Amino acid sequence: MNLALSARIGWRYWRTRKANAFASFITFFSVIGIVLGVASLIIVSSVMNGLEGQLKDRILGSVPQVIVTPNQPLQNWQSFIDEVKQLDKVVAVSPLVQTQAMIQSSNGLSGAQLYGIDPDYGQEAQLLDGKLIQGDLSLLTAGEYGVFLGADMARNLDVGLGDKVRLYSGKGVMFSPLGPVPSQRNFRVVGLFKMGSVVDGALAFVHYADGARLMRKNPAQLHSLRLFLEDPFQANQVSEQLKQTFDEVTVDDWHRNYGHLFAAVKMEKRMMSLMLSLIVAVAAFNIVSALVMMVVDKSADIAILKTQGVTTPYAMAIFVVQGMLNSIIGLIIGCAIGLLLAFNLTTLLSELGLSLLGPGVVLPVLIVPQQISAIVVGTILVSLLATIYPAIKAAQIQPAETLRYE
(Lines give C-alpha, C1' and ligand atoms only; values in the text may rest on other atoms or scores of the structure.)
Protein backbone atom coordinates (compact mmCIF):
# COMPACT_ATOMS: atom_id res chain seq x y z
CA MET A 1 0.00 0.00 0.00
CA ASN A 2 1.09 3.57 -0.61
CA LEU A 3 -0.26 7.08 -0.22
CA ALA A 4 -0.88 7.35 -3.96
CA LEU A 5 -3.68 4.77 -3.64
CA SER A 6 -5.22 6.66 -0.71
CA ALA A 7 -5.01 9.93 -2.66
CA ARG A 8 -6.61 8.32 -5.71
CA ILE A 9 -9.49 6.92 -3.69
CA GLY A 10 -9.93 10.22 -1.83
CA TRP A 11 -10.04 12.07 -5.16
CA ARG A 12 -12.62 9.62 -6.52
CA TYR A 13 -14.83 9.99 -3.43
CA TRP A 14 -14.58 13.77 -3.72
CA ARG A 15 -15.53 14.03 -7.39
CA THR A 16 -18.35 11.44 -7.47
CA ARG A 17 -21.90 12.50 -6.65
CA LYS A 18 -22.71 11.86 -3.00
CA ALA A 19 -25.60 9.58 -2.21
CA ASN A 20 -26.49 11.95 0.61
CA ALA A 21 -27.59 15.26 -0.98
CA PHE A 22 -27.26 17.03 2.35
CA ALA A 23 -23.58 16.05 2.52
CA SER A 24 -23.05 17.56 -0.94
CA PHE A 25 -24.80 20.74 0.25
CA ILE A 26 -22.53 21.02 3.30
CA THR A 27 -19.43 20.31 1.19
CA PHE A 28 -20.39 23.09 -1.22
CA PHE A 29 -20.88 25.60 1.57
CA SER A 30 -17.63 24.61 3.26
CA VAL A 31 -15.80 25.54 0.05
CA ILE A 32 -17.78 28.79 -0.24
CA GLY A 33 -17.01 29.59 3.41
CA ILE A 34 -13.27 29.21 2.82
CA VAL A 35 -13.49 31.35 -0.32
CA LEU A 36 -15.29 34.15 1.54
CA GLY A 37 -13.04 33.91 4.60
CA VAL A 38 -9.75 33.97 2.67
CA ALA A 39 -10.89 36.71 0.27
CA SER A 40 -12.17 38.87 3.16
CA LEU A 41 -8.95 38.41 5.13
CA ILE A 42 -6.81 39.44 2.15
CA ILE A 43 -8.92 42.51 1.30
CA VAL A 44 -9.36 43.79 4.86
CA SER A 45 -5.74 43.17 5.90
CA SER A 46 -4.49 44.92 2.74
CA VAL A 47 -6.69 47.97 3.39
CA MET A 48 -5.64 48.09 7.07
CA ASN A 49 -1.99 47.85 6.02
CA GLY A 50 -2.54 50.72 3.59
CA LEU A 51 -4.18 52.89 6.24
CA GLU A 52 -1.39 52.15 8.70
CA GLY A 53 1.24 52.92 6.07
CA GLN A 54 -0.51 56.17 5.21
CA LEU A 55 -0.60 57.20 8.86
CA LYS A 56 3.07 56.26 9.24
CA ASP A 57 4.01 58.40 6.25
CA ARG A 58 1.85 61.40 7.14
CA ILE A 59 2.53 61.52 10.87
CA LEU A 60 5.82 59.75 11.56
CA GLY A 61 7.32 61.22 8.40
CA SER A 62 6.93 64.73 9.81
CA VAL A 63 7.47 64.39 13.57
CA PRO A 64 10.83 63.33 15.07
CA GLN A 65 11.10 59.55 15.13
CA VAL A 66 13.84 59.51 17.79
CA ILE A 67 15.27 62.49 19.71
CA VAL A 68 18.62 62.36 21.51
CA THR A 69 19.28 65.15 24.01
CA PRO A 70 22.73 65.46 25.66
CA ASN A 71 22.56 66.26 29.36
CA GLN A 72 24.69 69.31 28.60
CA PRO A 73 24.58 71.29 25.32
CA LEU A 74 27.54 70.38 23.09
CA GLN A 75 29.84 73.03 21.63
CA ASN A 76 31.85 70.75 19.34
CA TRP A 77 29.20 68.30 18.29
CA GLN A 78 30.20 67.03 14.86
CA SER A 79 31.94 63.96 16.31
CA PHE A 80 28.82 63.14 18.33
CA ILE A 81 26.70 63.32 15.17
CA ASP A 82 29.15 61.05 13.34
CA GLU A 83 28.93 58.44 16.12
CA VAL A 84 25.13 58.45 16.12
CA LYS A 85 25.02 58.11 12.31
CA GLN A 86 27.00 54.86 12.56
CA LEU A 87 24.20 53.12 14.48
CA ASP A 88 22.13 50.43 12.78
CA LYS A 89 18.82 51.46 11.22
CA VAL A 90 19.73 55.18 11.36
CA VAL A 91 19.45 56.85 7.94
CA ALA A 92 20.31 60.44 8.83
CA VAL A 93 20.55 62.88 11.75
CA SER A 94 20.11 66.62 12.12
CA PRO A 95 20.18 69.24 14.92
CA LEU A 96 16.85 70.00 16.56
CA VAL A 97 15.29 72.32 19.10
CA GLN A 98 11.68 71.88 20.15
CA THR A 99 9.15 73.51 22.43
CA GLN A 100 5.45 73.91 23.05
CA ALA A 101 4.49 77.29 21.66
CA MET A 102 1.56 79.62 21.18
CA ILE A 103 1.16 81.30 17.79
CA GLN A 104 -0.81 84.53 17.66
CA SER A 105 -2.08 86.40 14.63
CA SER A 106 -4.29 89.43 14.37
CA ASN A 107 -7.26 87.07 13.94
CA GLY A 108 -6.61 84.17 16.26
CA LEU A 109 -4.47 82.15 18.65
CA SER A 110 -3.33 78.54 18.36
CA GLY A 111 -1.13 76.12 20.24
CA ALA A 112 1.63 74.31 18.34
CA GLN A 113 4.54 71.95 18.67
CA LEU A 114 7.43 74.04 17.36
CA TYR A 115 10.46 72.38 15.77
CA GLY A 116 13.65 74.23 14.93
CA ILE A 117 15.33 72.43 12.02
CA ASP A 118 18.35 73.02 9.79
CA PRO A 119 17.43 72.76 6.07
CA ASP A 120 21.13 72.40 5.17
CA TYR A 121 20.94 68.78 6.31
CA GLY A 122 19.84 66.59 3.40
CA GLN A 123 17.10 64.66 5.18
CA GLU A 124 15.50 67.86 6.47
CA ALA A 125 15.24 69.10 2.88
CA GLN A 126 13.08 66.04 2.14
CA LEU A 127 10.94 66.53 5.26
CA LEU A 128 8.25 68.55 3.47
CA ASP A 129 8.98 67.23 0.00
CA GLY A 130 5.72 66.90 -1.93
CA LYS A 131 3.73 68.28 1.01
CA LEU A 132 4.29 72.01 0.49
CA ILE A 133 1.29 74.03 -0.62
CA GLN A 134 3.14 77.33 -0.79
CA GLY A 135 6.71 78.45 -0.23
CA ASP A 136 10.03 76.64 -0.36
CA LEU A 137 12.21 75.21 2.42
CA SER A 138 15.15 77.30 1.18
CA LEU A 139 13.29 80.36 2.54
CA LEU A 140 13.92 79.04 6.03
CA THR A 141 17.22 80.86 6.71
CA ALA A 142 18.89 81.80 9.98
CA GLY A 143 18.18 85.33 11.16
CA GLU A 144 15.18 85.87 8.85
CA TYR A 145 12.72 84.47 11.40
CA GLY A 146 10.51 82.65 8.94
CA VAL A 147 8.00 79.98 9.95
CA PHE A 148 6.27 77.13 8.13
CA LEU A 149 2.71 76.43 9.31
CA GLY A 150 0.36 73.52 8.70
CA ALA A 151 -2.56 74.30 6.40
CA ASP A 152 -5.16 73.76 9.13
CA MET A 153 -3.32 76.00 11.58
CA ALA A 154 -2.92 78.76 8.97
CA ARG A 155 -6.64 78.58 8.25
CA ASN A 156 -7.48 78.82 11.95
CA LEU A 157 -5.18 81.81 12.34
CA ASP A 158 -6.40 83.30 9.05
CA VAL A 159 -2.87 83.96 7.78
CA GLY A 160 -1.05 83.40 4.50
CA LEU A 161 2.39 83.89 2.96
CA GLY A 162 4.07 87.06 4.13
CA ASP A 163 1.81 87.60 7.16
CA LYS A 164 3.32 88.26 10.56
CA VAL A 165 2.64 86.04 13.56
CA ARG A 166 3.95 86.21 17.11
CA LEU A 167 5.43 83.08 18.66
CA TYR A 168 5.43 82.55 22.43
CA SER A 169 7.78 79.86 23.72
CA GLY A 170 7.21 77.74 26.78
CA LYS A 171 10.99 77.66 27.24
CA GLY A 172 13.16 80.69 27.94
CA VAL A 173 10.65 82.28 30.33
CA MET A 174 12.00 85.36 32.16
CA PHE A 175 10.80 86.56 35.53
CA SER A 176 9.92 90.18 36.15
CA PRO A 177 8.33 92.12 39.02
CA LEU A 178 5.00 91.47 37.29
CA GLY A 179 5.59 87.73 37.09
CA PRO A 180 6.91 85.27 34.48
CA VAL A 181 7.19 86.63 30.94
CA PRO A 182 7.33 84.04 28.11
CA SER A 183 9.94 84.38 25.42
CA GLN A 184 8.35 85.85 22.28
CA ARG A 185 9.26 87.11 18.85
CA ASN A 186 7.60 88.09 15.58
CA PHE A 187 7.95 85.62 12.70
CA ARG A 188 6.90 85.87 9.08
CA VAL A 189 4.97 83.04 7.38
CA VAL A 190 7.17 81.81 4.52
CA GLY A 191 5.51 78.47 3.74
CA LEU A 192 2.43 76.29 4.22
CA PHE A 193 2.38 72.48 4.24
CA LYS A 194 -0.30 69.81 4.26
CA MET A 195 0.43 66.31 5.56
CA GLY A 196 -3.19 65.18 5.37
CA SER A 197 -3.39 64.29 9.09
CA VAL A 198 -3.86 65.81 12.54
CA VAL A 199 -0.36 67.30 12.47
CA ASP A 200 -1.56 69.96 9.98
CA GLY A 201 -3.13 71.79 12.90
CA ALA A 202 -0.41 71.14 15.44
CA LEU A 203 3.06 71.58 13.86
CA ALA A 204 5.20 74.57 12.95
CA PHE A 205 8.79 74.66 11.66
CA VAL A 206 11.41 77.40 12.04
CA HIS A 207 15.16 77.50 11.42
CA TYR A 208 17.27 75.86 14.10
CA ALA A 209 19.12 79.08 14.97
CA ASP A 210 15.89 81.14 15.13
CA GLY A 211 14.21 78.53 17.30
CA ALA A 212 17.19 78.45 19.66
CA ARG A 213 17.14 82.24 20.02
CA LEU A 214 13.39 82.19 20.67
CA MET A 215 14.04 79.76 23.54
CA ARG A 216 17.02 81.87 24.69
CA LYS A 217 19.53 79.14 23.86
CA ASN A 218 22.90 79.36 22.16
CA PRO A 219 22.36 78.50 18.44
CA ALA A 220 26.03 77.49 18.14
CA GLN A 221 25.50 74.59 20.52
CA LEU A 222 23.79 71.25 19.91
CA HIS A 223 20.75 70.94 22.16
CA SER A 224 19.05 67.89 20.63
CA LEU A 225 19.54 65.56 17.73
CA ARG A 226 16.79 64.27 15.47
CA LEU A 227 17.18 60.77 14.01
CA PHE A 228 15.63 59.54 10.75
CA LEU A 229 15.19 55.75 10.69
CA GLU A 230 14.83 53.12 7.97
CA ASP A 231 11.48 52.26 9.54
CA PRO A 232 9.85 54.45 12.24
CA PHE A 233 8.52 51.29 13.89
CA GLN A 234 12.13 50.45 14.79
CA ALA A 235 12.26 53.40 17.19
CA ASN A 236 12.20 51.23 20.34
CA GLN A 237 15.22 49.17 19.24
CA VAL A 238 17.18 52.29 18.26
CA SER A 239 16.31 53.99 21.57
CA GLU A 240 17.64 51.02 23.54
CA GLN A 241 20.80 50.97 21.43
CA LEU A 242 21.36 54.69 22.10
CA LYS A 243 20.95 54.24 25.85
CA GLN A 244 23.51 51.43 25.85
CA THR A 245 25.99 53.31 23.65
CA PHE A 246 25.87 56.80 25.21
CA ASP A 247 25.75 57.47 28.93
CA GLU A 248 24.89 61.14 29.37
CA VAL A 249 21.96 61.48 27.01
CA THR A 250 18.16 61.45 27.24
CA VAL A 251 16.34 59.49 24.52
CA ASP A 252 12.75 60.01 23.44
CA ASP A 253 10.74 58.77 20.45
CA TRP A 254 7.37 59.12 18.77
CA HIS A 255 5.63 56.58 21.02
CA ARG A 256 5.14 59.16 23.78
CA ASN A 257 2.87 61.37 21.67
CA TYR A 258 1.53 59.05 18.97
CA GLY A 259 2.00 55.55 20.37
CA HIS A 260 -1.66 55.29 21.47
CA LEU A 261 -2.86 56.03 17.92
CA PHE A 262 -0.80 53.29 16.29
CA ALA A 263 -1.57 50.87 19.15
CA ALA A 264 -5.28 51.40 18.43
CA VAL A 265 -4.73 50.76 14.70
CA LYS A 266 -2.75 47.60 15.50
CA MET A 267 -5.44 46.31 17.85
CA GLU A 268 -8.12 47.02 15.24
CA LYS A 269 -6.15 45.06 12.64
CA ARG A 270 -5.88 42.08 14.97
CA MET A 271 -9.56 42.15 15.94
CA MET A 272 -10.69 42.40 12.32
CA SER A 273 -8.41 39.50 11.35
CA LEU A 274 -9.71 37.44 14.26
CA MET A 275 -13.34 38.10 13.35
CA LEU A 276 -12.81 37.21 9.69
CA SER A 277 -10.82 34.12 10.65
CA LEU A 278 -14.01 32.82 12.27
CA ILE A 279 -15.47 32.49 8.77
CA VAL A 280 -12.66 30.05 7.91
CA ALA A 281 -13.22 28.25 11.23
CA VAL A 282 -16.95 27.80 10.47
CA ALA A 283 -16.04 26.47 7.02
CA ALA A 284 -13.69 23.99 8.70
CA PHE A 285 -16.56 22.76 10.92
CA ASN A 286 -18.58 22.22 7.74
CA ILE A 287 -15.72 20.08 6.42
CA VAL A 288 -15.96 17.96 9.59
CA SER A 289 -19.73 17.51 9.11
CA ALA A 290 -19.42 16.61 5.43
CA LEU A 291 -16.64 14.09 6.06
CA VAL A 292 -18.46 12.43 8.94
CA MET A 293 -21.44 11.91 6.63
CA MET A 294 -19.11 10.56 3.96
CA VAL A 295 -17.57 8.10 6.45
CA VAL A 296 -21.03 6.81 7.31
CA ASP A 297 -21.94 6.58 3.61
CA LYS A 298 -18.72 4.77 2.65
CA SER A 299 -18.32 2.58 5.74
CA ALA A 300 -18.88 -0.61 3.72
CA ASP A 301 -16.27 0.48 1.15
CA ILE A 302 -13.74 1.16 3.89
CA ALA A 303 -14.46 -2.22 5.48
CA ILE A 304 -13.86 -3.99 2.16
CA LEU A 305 -10.63 -2.05 1.63
CA LYS A 306 -9.46 -3.09 5.10
CA THR A 307 -10.08 -6.73 4.31
CA GLN A 308 -7.84 -6.27 1.27
CA GLY A 309 -4.96 -4.97 3.35
CA VAL A 310 -5.52 -1.20 3.69
CA THR A 311 -3.98 -0.24 7.01
CA THR A 312 -5.28 2.35 9.46
CA PRO A 313 -2.98 5.24 8.33
CA TYR A 314 -3.92 4.76 4.69
CA ALA A 315 -7.63 4.58 5.54
CA MET A 316 -7.27 7.87 7.40
CA ALA A 317 -5.38 9.40 4.49
CA ILE A 318 -8.35 8.80 2.14
CA PHE A 319 -10.56 11.23 4.08
CA VAL A 320 -7.75 13.66 4.83
CA VAL A 321 -7.20 13.97 1.07
CA GLN A 322 -10.93 14.41 0.46
CA GLY A 323 -11.24 17.15 3.10
CA MET A 324 -8.08 18.95 1.99
CA LEU A 325 -9.35 19.07 -1.59
CA ASN A 326 -12.28 21.19 -0.38
CA SER A 327 -9.87 23.46 1.48
CA ILE A 328 -7.35 23.84 -1.35
CA ILE A 329 -10.00 24.61 -3.95
CA GLY A 330 -11.60 27.20 -1.67
CA LEU A 331 -8.17 28.61 -0.84
CA ILE A 332 -7.13 29.02 -4.49
CA ILE A 333 -10.42 30.68 -5.46
CA GLY A 334 -10.39 32.87 -2.32
CA CYS A 335 -6.82 34.05 -2.94
CA ALA A 336 -7.60 34.83 -6.57
CA ILE A 337 -10.75 36.82 -5.70
CA GLY A 338 -9.10 38.56 -2.73
CA LEU A 339 -6.00 39.66 -4.65
CA LEU A 340 -8.04 40.71 -7.69
CA LEU A 341 -10.38 42.86 -5.59
CA ALA A 342 -7.54 44.26 -3.49
CA PHE A 343 -5.57 45.41 -6.56
CA ASN A 344 -8.68 46.97 -8.11
CA LEU A 345 -10.57 48.10 -5.00
CA THR A 346 -10.34 51.83 -5.70
CA THR A 347 -11.52 51.40 -9.29
CA LEU A 348 -14.36 49.12 -8.23
CA LEU A 349 -15.59 51.53 -5.54
CA SER A 350 -15.38 54.39 -8.03
CA GLU A 351 -17.47 52.45 -10.56
CA LEU A 352 -20.07 51.74 -7.87
CA GLY A 353 -20.10 55.40 -6.84
CA LEU A 354 -18.91 54.62 -3.30
CA SER A 355 -16.40 56.70 -1.33
CA LEU A 356 -15.45 55.23 2.05
CA LEU A 357 -13.03 58.03 3.02
CA GLY A 358 -14.78 60.98 1.41
CA PRO A 359 -14.98 62.41 -2.12
CA GLY A 360 -11.73 62.26 -4.05
CA VAL A 361 -9.86 60.31 -1.36
CA VAL A 362 -8.22 57.11 -2.61
CA LEU A 363 -8.54 54.07 -0.37
CA PRO A 364 -4.96 52.96 0.38
CA VAL A 365 -4.17 49.29 -0.24
CA LEU A 366 -0.89 47.60 0.69
CA ILE A 367 -0.51 43.87 -0.01
CA VAL A 368 2.11 42.25 2.21
CA PRO A 369 3.31 38.85 0.87
CA GLN A 370 4.12 37.60 4.38
CA GLN A 371 0.52 38.19 5.45
CA ILE A 372 -0.84 36.37 2.41
CA SER A 373 1.47 33.46 3.22
CA ALA A 374 0.24 33.44 6.84
CA ILE A 375 -3.40 33.36 5.65
CA VAL A 376 -2.65 30.45 3.29
CA VAL A 377 -0.71 28.43 5.88
CA GLY A 378 -3.28 29.13 8.61
CA THR A 379 -6.19 28.03 6.39
CA ILE A 380 -4.39 24.81 5.42
CA LEU A 381 -3.59 23.99 9.06
CA VAL A 382 -7.16 24.63 10.26
CA SER A 383 -8.54 22.52 7.41
CA LEU A 384 -6.05 19.73 8.14
CA LEU A 385 -7.10 19.67 11.80
CA ALA A 386 -10.74 19.51 10.68
CA THR A 387 -10.11 16.27 8.78
CA ILE A 388 -8.51 14.41 11.69
CA TYR A 389 -11.68 13.44 13.59
CA PRO A 390 -13.55 12.02 10.53
CA ALA A 391 -10.36 10.23 9.44
CA ILE A 392 -10.04 8.60 12.88
CA LYS A 393 -13.68 7.51 12.74
CA ALA A 394 -13.03 5.92 9.36
CA ALA A 395 -9.95 4.12 10.68
CA GLN A 396 -11.98 2.68 13.59
CA ILE A 397 -14.40 0.84 11.27
CA GLN A 398 -14.41 -2.89 12.02
CA PRO A 399 -14.86 -4.96 8.80
CA ALA A 400 -16.57 -7.90 10.54
CA GLU A 401 -19.25 -5.76 12.18
CA THR A 402 -19.78 -3.52 9.15
CA LEU A 403 -20.07 -6.33 6.59
CA ARG A 404 -22.16 -8.66 8.76
CA TYR A 405 -25.44 -7.76 7.04
CA GLU A 406 -24.03 -6.87 3.60
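The values are calculated or read from the model by the stated rules, or taken from the named source; none is laboratory data. Keep in mind that this is a model prediction, so the values were computed, not measured. Ideal geometry is used to build each Cβ from the backbone, glycine not excepted, and the neighbour counts take in all protein chains shown. SASA here: full protein model, heavy atoms, side chains in, ligands and nucleic acids out. Shrake-Rupley method; radii C 1.70, N 1.55, O 1.52, S 1.80 Å.
Observations, loosely collected:
- Accessible area of Arg58 in the full protein assembly, 1.4 Å probe (Å², nearest 10): 80 Å²
- Simple spin-label estimate for Lys89 and Arg8 in nanometres, 7 Å along Cα-Cβ: 5.6 nm
- Entries in Lys56/Lys164; Lys89/Lys266; Lys56/Lys217; Lys243/Lys269 that, when Cα-Cα distance is taken, lie over 28 Å: Lys56/Lys164; Lys56/Lys217; Lys243/Lys269
- Each label was represented as a point 7 Å from its Cα along the Cα-to-Cβ direction; for Asn107 and Arg155 these points are 1.3 nm apart.
- Full extension of the chain between Asp231 and Ile332 yields a length gain of 33.1 nm, computed as 0.36 nm times the residue separation minus the alpha carbon distance.
- Accessible area (Å², 1.4 Å probe, nearest 10) - Asp82: 70 Å²
- For the chain, averaging the sequence separation of C-alpha pairs within contact (under 8 Å, six or more residues apart) and dividing by the residue count gives a relative contact order of 30 percent.
- DSSP-defined antiparallel bridges as percent of all bridges, the chain, nearest 5: 80 percent
- Of the three principal axes defined by the Cα atoms of the chain, the extents in descending order read 109, 52, 37 Å.
- Degrees separating the helix 235-245 axis from the principal Cα axis of the chain, which is the longest one: 60 degrees
- One way to sum up the overall shape of segment 117-217 is the equivalent ellipsoid from its Cα gyration tensor, whose semi-axes run 25, 16, 12 Å, largest first.
- Each label point was placed 7 Å from the Cα along the Cα-to-Cβ direction; for Met272 and Leu132 their separation is 3.5 nm.
- Spatially proximal aspartates and glutamates relative to Lys393 (Cα-Cα < 15 Å; intrachain offsets below 8 disregarded): Asp297, Asp301, Glu401
- Note on segment 230-270: Kirkwood radius taken over Cα pairs, Stokes-Einstein applied at 25 °C and 0.890 mPa s, translational D equal to 213 µm² s⁻¹.
- Using a Förster distance of 51 Å, the FRET efficiency for Tyr389-Ala202 (Cβ separation, nearest 0.05): 0.35
- Expressed as a whole percent, the accessible surface of the chain that belongs to carbon and sulfur atoms is 59, based on a 1.4 Å probe.
- Within the chain, helix-based [θ] at 222 nm, where runs of 4 or more DSSP H residues each add -39,500 (n - 2.57), nearest 500: -17000 deg cm²/dmol
- The ratio of the alpha-carbon radius of gyration of segment 77-170 to the globular-protein estimate 2.2 N^0.38 Å is 1.24.
- For segment 166-241, accessible area per residue (1.4 Å probe, heavy atoms of protein chains only), Å²: 41 Å²
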